[in-house]
Amino acid sequence: MGAREDTVAKTRVVVVDDSALVRSLLTEIINRQPDMQCVGAASDPFAAREMIRTLNPDVLTLDIEMPKMDGLDFLERLMRLRPTPVVMVSTLTERGAEVTLRALELGAVDFIAKPKLGIAAGIGALGQDICEKIRIASRARMRRQGVTSVAPIASAATGTGTVGKPVPTSFSRVSTEKLIVIGASTGGTEAIREMLQQLPADSPAVLITQHMPAGFTRSFAARLHGLCRITVSEAVDGERVLPGHAYIAPGDRHLRLAKSGANYQIAIDTGAPVNRHRPSVEVLFKSVAALAGPNAIGVMMTGMGNDGGRCSR
């Protein structure tokens, strides 16, 4: 009886990927976890459709480029007919970044960056992050055409600002000293989009650390820039921080706030990962707390692990 209860309690995952190697690797990684089980592995969306009907999984991992039906087409149909938490598996290419962001728009919770070379070693090294993304996805509240929320979203102030104070959606004329800093991980891309779209053109400067690998942040920033009234860009080392602008930490680089005279500047570095992440939310929040203090408000949108957690206390 005890064994049966343990099995029922596990998160049930179906892996969808045309690569037999990737299916095998993901199945092994998932089945090593005490709280999840790979109940099926499909080589194309048609086989996946039958598995979803018969196995009723809690989470899918879904490749993008597959035979018979494109992963995006399958995702769109899935979210329309049977919303299920999905973690996309995307190759680290410029086109892969653009398609992955479209998948997040359609309702995927998050994505796994699949390396083009050294797939076995690359996916193996990402095992802990893959499993954490699946855990978070399993808690997503789904609706038709996408996700309503991923996990409890908490606001946290940097420095001595007020914890839990919501970020305003409109401002009068603002000082260049005012800053908004955002930390986000799994499920954060769409939450960031929704927030930035509400900001007016003269809003305080916004600094963002979103857990995202190299190669994806430039496409993410360009997508947001086309949707928002403020200017959104991938942060560049040494550039001045200006009102009406949002700066996104480059993938695999830490973003810090620096100062030159009376002006705030961007500082980018390749220091060691913090809380297993680079970029790290904690690195950004601590630098802003030190330089801006009560003139900044921090928002922790979504999380993975404890990155940024200490800064919210």
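All of the numbers you see were taken from the coordinates with simple rules; none came from a lab. Quantities reported herein were computed from a predicted structural model and do not represent experimental measurements. Quick reminder, even Gly has a Cβ in these numbers, built from the backbone with ideal geometry, and neighbours come from all protein chains shown.
Placing pseudo-labels 7 Å out from each Cα toward the beta carbon at Asp35 and Ala201 gives an inter-label distance of 4.7 nm.
Taking the Cα atoms of region 188-239, the ratio Rg/Rh between the radius of gyration and the Kirkwood radius comes to 0.93. The alpha carbons of region 211-254 stretch over 26, 24, 12 Å along the principal axes, in descending order. Pairwise inverse Cα distances across region 85-142, averaged and inverted, put the Kirkwood hydrodynamic radius at 11.9 Å. The alpha-carbon of Lys286 sits under 17 angstrom from the alpha-carbons of these lysines, leaving out residues fewer than 8 places away in its chain: Lys178, Lys259.
With the highest mean first, a sort of the peptides 253-260, 33-40, 276-283, 234-241 on other beta-carbon atoms found within 10 angstrom per residue produces 276-283, 253-260, 33-40, 234-241. Restriction of the trypsin sites (Lys or Arg not before Pro) in region 49-89 to DSSP coil positions whose beta-carbon has at most 14 other beta-carbons within 10 angstrom yields Lys68. Suppose we look only past 16 Å in the calculated P(r) of region 228-298. What percent of the Cα-Cα pairs does that tail hold? Percent of Cα pairs beyond 16 Å in region 228-298: 48.
Using the Karplus relation 6.51 cos²θ - 1.76 cosθ + 1.60 with θ = phi - 60°, the per-residue 3J(HN,Hα) values for region 22-30 come to 5, 4, 5, 5, 5, 4, 5, 4, 5 Hz, with x marking Gly and Pro. Straight Cα distances below 16 angstrom link Lys10 to the lysines Lys133, with same-chain residues fewer than 8 positions distant left out. Over all alpha-carbon pairs in region 27-104, figure out the percentage whose distance exceeds 20 Å. Distances greater than 20 Å cover 32 percent of the Cα pairs.
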